[in-house]
Every structure is written in C-alpha cells, then in structure tokens.
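Only one structure is covered here, and it is reproduced in the block below.
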Amino acid sequence: MGFFDTALRPGILAAGRSDRLKVASSRTSMTRNVVERFVPGETEADVLAATEKLLGQGLMVSIDHLGEDTTDERQATATTEAYHHLIGALGTLGAAPNSLEVSLKLSALGQALPRHGTKIATENAMAICDDAQRHGVLVTVDAEDHASTAERLDIVRTVRTDFPTLGTVLQAYLRRTEDDCTEFSGPGSRIRLCKGAYAESPAVAFTDRAAVDEAYQRCLRILMCGSGYPMIASHDPVMIESARVLATETRRLPDSWEHQMLYGIRTDEQRRLAEAGGAVRVYLPFGAEWYGYFVRRLAERPANLTFFARALVGR
Ligand code: FDA
C-alpha cells in the first residue's frame, strides 16, 4: 500500500465531511469546471440531456439525484419528489426496455433521521419503486458507510417483497459481503458489485488494495455463478476481464449481466464494451449536492487528484 492509500486517501475522505471546504468549493468556478467531468450538471434538464446522449451511444444509464445529508423529513420528501419528477420525465423518452434506472441513497430518503428514519426511508423507497415500475424505470439502492449496511439490506428485503426487481449495491471491501453475495445471488436479484468508496476500519473492511481486489474476485464468482443479474461496477481492467471470463465459463447470455461505470471515467472503455456487444450502464449523478460524491472520486485515484490540482493552478 502506498502513501496515497495510507495517508492521503483518509484525509481526502475526511475533507468530504467538512462544511467549510464544501462552501468554499461551491464558490470556486474553477472547481465547478472540474466537477463537471464527474457530474453533468445540477438540474434535471442537465441530466436528461446527458442521458439522451449516452442512450444515443448505445449505453444505458442509472441516475443518482445527489444528496446524502438529509437532516429533516422535509428534505427526505423533497428528494423523493425530485425522483418522482425525474422518473416521469424519463418515462417520456421512449428508451429501450431496462435502459433507464435510478439510483437512490436511503440516507437521502430519511434513513438516518432520529425518529422513524427506517420507516420514512422505506415508505419513500416504496413510493419511488411504484412510480418507477409504472414508467418502466429500474431502481437500485446505493451502498453508503458500513454502519448503515445491515439496515439498508433489511429495507431492501422489505421493499423487494412488493418490488422484486429492486437492486442494491454490495461493497467487496466489507468483510461481510461474501455472505451477502450468497444471499443475493438467487433468481430475480439485481446486485451491483463495487469495491467500496468510504473510509472503513480494518475491523469491518479489507483496507489493503490487493485484499480488496481478491475479495472482489470472490464476490464476482459467487454472483456470476448464481442465478441473479450481476452488475459489475468497476473501471478496473482486471475485474472487467474476470467478469468476461466468468460469463463465458457460466454460459451467461449477454443480457443476463452488465458492466457499470461512473460518468466521465473510462468513457472510451464504456463505448468499446458496448460496441463489442456488452450491456454497459453509466452511473449519472446530478444535483446541487455534488460535494461528497466528488470528493470520493478524488480519493479513489492519485490521477483524479492530479487532474483536480492541475485545473486549480490552470495547467
Ligand atoms: P480502482 O479505483 O480500484 O482502480 C483499479 C484500476 O482501474 C486502476 O488501476 C486503473 O487501471 C483503472 N481505473 C480506475 N479509474 C480509472 C480512471 N479514472 N481512468 C483510467 N483508469 C482507471 N461505492 C460505494 O461505496 N457505494 C456505492 O453505492 C457505489 N456505487 C457505484 C456505482 C458504480 C456504477 C460504480 C462504477 C462505482 C460505484 N462505487 C460505489 C465506487 C466504487 O466503490 C469504487 O470506489 C470505484 O468504482 C473505484 O473502484 P474501481 O473498481 O473502479 O477501480
């Protein structure tokens, strides 16, 4: 593990929780130009324009209305309404089946509220799933920090009783995830497997890059050998190739699993995989609350940080 992982990465992720830095970044036009590499815009119109462009390139999308610090019920309601509005607009695009998805953070829907947080988030997620089902839009629940994992999966199990296509994210770096993959590898389950983007302690997560990669490979095998619909969320050439090899080995048809990548990252590879006949979905975040998302992208890779630093000094 290098200096970036041991010293810089935790510091960058901690900066993601700083309100002072958040306000300062929002005011800097230079920062905003850099942010646009990862976030196509703040408005629904921005994200719909980006969606149509990606669909035109043979890619599918999953749209995330950014926001994760919901502190009162009104905010949770406003986020839910933003999803309803977005889903209505997506329904008018006439896109191919399964090509449109929304991604939700349960914290944005109220999960962390001190009173009835679980109930509020569950009801909001149910309402969004209901609307999405009527408009032919898929729904997947994002993974946040490890402390919310058990409750998130409980909520997902509850909502899936009425909306069995609801998907969720599993983070390979968590020590519990192989068991979760086994549970969610059955018929009808849609699992987005990622490495994990939050700062977690060795008590609950693998923190060494090699150990995370090995865990990802083990989880990948469980999901690809199962009978659900695996969504391989990684830009890592090694994971992408492993998924292809496992799909051949397990005789999966091209429409029984998919690749997923983040907006603005490895765009050439996204198109290459789609042109080769693969199903590829681009995770498309939008909204005014871009700061936490943006900081996690910076913390992922020294090159992302260099790109940011160069833009700040105008080179
Ligand atoms: P990683 O960052 O480990 O890099 C491995 C290799 O991939 C690099 O060495 C390089 O070869 C290649 N690579 C990576 N980035 C590149 C770039 N910018 N340019 C060129 N090559 C690059 N996390 C979370 O905790 N909860 C969640 O809900 C989600 N949701 C989610 C959805 C989707 C669709 C994706 C793709 C990712 C997430 N994540 C996430 C983030 C995820 O956990 C992880 O932090 C990032 O995807 C980075 O891990 P990778 O597997 O992509 O490669």
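The values are calculated or read from the model by the stated rules, or taken from the named source; none is laboratory data. Bear in mind the structure is a predicted one, so any value in this text is a computation, not a measurement. With ideal geometry, Cβ positions are generated from the backbone for all residues, glycine too; neighbour counts draw on all protein chains shown. Ligands, DNA and RNA are stripped out before the accessible areas are found, and what is left, the full protein with its side chains, is counted by its heavy atoms. Shrake-Rupley method; radii C 1.70, N 1.55, O 1.52, S 1.80 Å.
Below is a table of values for the structure above.
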quantity	calculated
Residue list for region 27-59, restricted to those being farther than 22 Å from A197 by Cα and modelled with pLDDT under 65	R27, T28, S29, M30
Count of residues meeting criterion [within 12 Å of the ligand (Cβ to nearest atom) and either within 30 Å of F163 (Cα to Cα) or open to solvent by 40 Å² or more (accessible area, probe 1.4 Å) (or both)] in region 190-204	9
Sole residue being touching a residue at least 60 places away in the same chain (Cβ under 8 Å), surrounded by fewer than 21 Cβ atoms within 10 Å (Cβ to Cβ) and either over 17 Å from the mean Cα position of the chain (by Cα) or not assigned by the TED database to the domain that holds R192 (or both), chosen from A247, A274	A274
Residue, farthest from the ligand (Cβ to nearest atom), within region 248-304, restricted to residues that are among the aromatic types (F, W, Y) and under 23 Å from S189 (Cβ atoms)	W257
Verdict on M239 being assigned by the TED database to the domain that holds V61, within 22 Å of L55 (Cβ to Cβ) and either of a type outside the set (K, R) or away from the ligand (no atom under 15 Å from the Cβ) (or both)	no
Where a residue in region 205-216 is within 11 Å of the ligand (Cβ to nearest atom) and its partner, wherever it lies, is assigned to a helix (DSSP H, G or I), with Cβ under 6 Å and at least six apart	Y216/M239
Looking only at region 123-150, and only at residues there that are among the aliphatic types (A, V, I, L, M) and in a strand (DSSP E or B), the one that is most open to solvent (accessible area, probe 1.4 Å)	L138
Residue in region 88-122 that is most open to solvent (accessible area, probe 1.4 Å), counting only those that are touching an Asp or Glu at 6+ places or on another chain (Cβ under 8 Å) and more than 26 Å from T149 (Cβ to Cβ)	L93
Every pair of residues 6+ apart whose Cβ atoms lie under 6 Å, when the first sits in region 103-121 and is under 12 Å from H65 (Cα atoms) while the second is in a loop (DSSP other than H, G, I, E, B) and small (G, A, S)	A108/G67
